[in-house]
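Working notes, structure below.
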Amino acid sequence: MSAKTRTTTGNAVTVIGLGPMGRALAAAFLKAGVATTVWNRTPGRDRELAAAGAVAATSPEEAVAANELIVVCVVDYDATDAILRRPEVTAALKGRTVVNLSADVPARAREAGEWAAEHGVRYLDGAIMVPTTVVGTPDGVFLYSGPAELYAEHKPVLDALDGGHTHLGEDIGRAAAFDIALLDIWWTSMTGYMHALAIARAEGISGRELAPFAQGIGKILPPSFDEAAIALDDGTHTAVINPMTSSASTMAHIIHASEAHGIDASIMRAVEGVTRRAIGLGHGDDDISRVAELLGRRA
């Protein structure tokens, strides 16, 4: 059946964008018994999904017209705009709901929400906080922001993706803001770990030897996350274990050991720099949580 011959309501969805994550989303919908229409700019990526029961649309306007709910998952909002803002697609979208799971910054999400409102498109922004292999399992994590009633209306279909689904509020940009903040944790943490592996190797320690002890460090982080969050929210930065003067000293040791082996220490130098700036402002006896407050100040 051609997608253009039907407009389905209820347990149905259109997925636009069939990169690795888009294919994972469509496959999860199909597995859950949701009637699924798919479209991708690059031909051929829909073959396996079509074989599994998806309807392969031949154009984005045909894909949009097929269902009331359209889930978009492409590389960024430039790609989203290039698809959805084509006049024929925009016209087909009127009165329908777009859930944009593409990644970008909060300002772009809010601008997209404004565009949607101007063109009669119902709009939710969202973020997927797990890799493709976890989509469609109980461990999936999906975040949404936008009109609460719109989220409630489409929640039964979105829940077919399994995992946890959280509506973060009416502000369209909140899902993207959570996404950016959480990815910041991931990438800075993993970069720190890569640096640690480089130091360990230079000292004759294999990655396999270090990994179990690294996991032990990882177990310390969750309570530290809670403590720092409370300290920042409440404006109390009393050092419970290490004041920043002590922290800066250990950072200097890492820098010295790194550079002795010719290892780039610019990341730790940046961390030490902002820590010493906080100390210079009279916060040497405070907890490292004070740095978050300092980073948030505008000159």
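All of the numbers you see were taken from the coordinates with simple rules; none came from a lab. In this text, all values refer to a predicted model and were calculated from it rather than measured experimentally. Neighbour counts are summed over all protein chains in view; Cβ atoms, including those assigned to glycine, are modelled from backbone coordinates with ideal geometry.
Which is surrounded by 14 or more Cβ atoms within 10 Å (Cβ to Cβ) and either in a helix (DSSP H, G or I) or among the hydroxyl-bearing types (S, T, Y) (or both), of L183, L197? Criteria check complete, one pass: L197.
Of L221, L232, L294, all but one fail to be within 26 Å of the chain's Cα centre (by Cα) and over 30 Å from P131 (Cβ atoms); the exception is L294. Scanning segment 151-174 for residues that are more than 19 Å from F29 (Cα to Cα) and not β-branched (V, I, T) yields H167, L168, G169, E170, D171, G173, R174.
On inspection, A202 fails the criterion of being under 30 Å from M129 (Cβ atoms) and not β-branched (V, I, T). Here segment 163-179 is the region considered, the condition is being of a type outside the set (G, A, S) and in contact with a helix residue (DSSP H, G or I) (Cβ under 7 Å, 6 or more places away or on another chain), and the residue that is surrounded by the most Cβ atoms within 10 Å (Cβ to Cβ) is I172. Among the residues of segment 119-152, the ones that are farther than 21 Å from E170 by Cβ, under 16 Å from the mean Cα position of the chain (by Cα) and either β-branched (V, I, T) or surrounded by fewer than 17 Cβ atoms within 10 Å (Cβ to Cβ) (or both) come to 7 in all.
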